[in-house]
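Throughout, read-outs are computed from the coordinates displayed, never taken from laboratory work. The structure displayed is predicted, hence computed values, not measured ones.
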Amino acid sequence: MRIVVHIGELALHGFAAGERHAIGDAVQRSLAKLLRATPSARLAGLRAADALAAPDARRHAHADGTGQAIAAAVHGALTQSGR
């Protein structure tokens, strides 16, 4: 099964401009890992999310932690696991 996730814009308010690529890369890695770990039956029911307000991710000291928090929010919205 192949899944393509397109994030049109990732707005990172309160972060230094130099952090954007590291955070974006961390989101990509973390979301791929979460989707690989999701049972295929659940993936069949993925839904589109037009917009998503992620939790305040500034509490993470590193780009990886911020990316993981954002990826978890996106994964939850796509799979409705957070509801």
In percent, how large is the relative contact order of the chain, given Cα pairs closer than 8 Å and 6 or more residues apart? 36 percent
What number do you get for the chain when its Cα radius of gyration is normalised by 2.2 N^0.38 Å, N = residues? 1.08
Using only the Cα atoms of the stretch 1-46, what are the Rg and Dmax in Å? 13.2, 39
With angles folded into 0 to 90 degrees, how steeply does helix 63-79 sit against the dominant principal axis of the chain? Use alpha carbons for both and round to 10. 30 degrees
For every helix of n ≥ 4 consecutive DSSP H residues, a contribution of -39,500 (n - 2.57) applies; sum these over the chain, divide by its total residues, and give [θ] at 222 nm rounded to the nearest 500 deg cm²/dmol. -14500 deg cm²/dmol
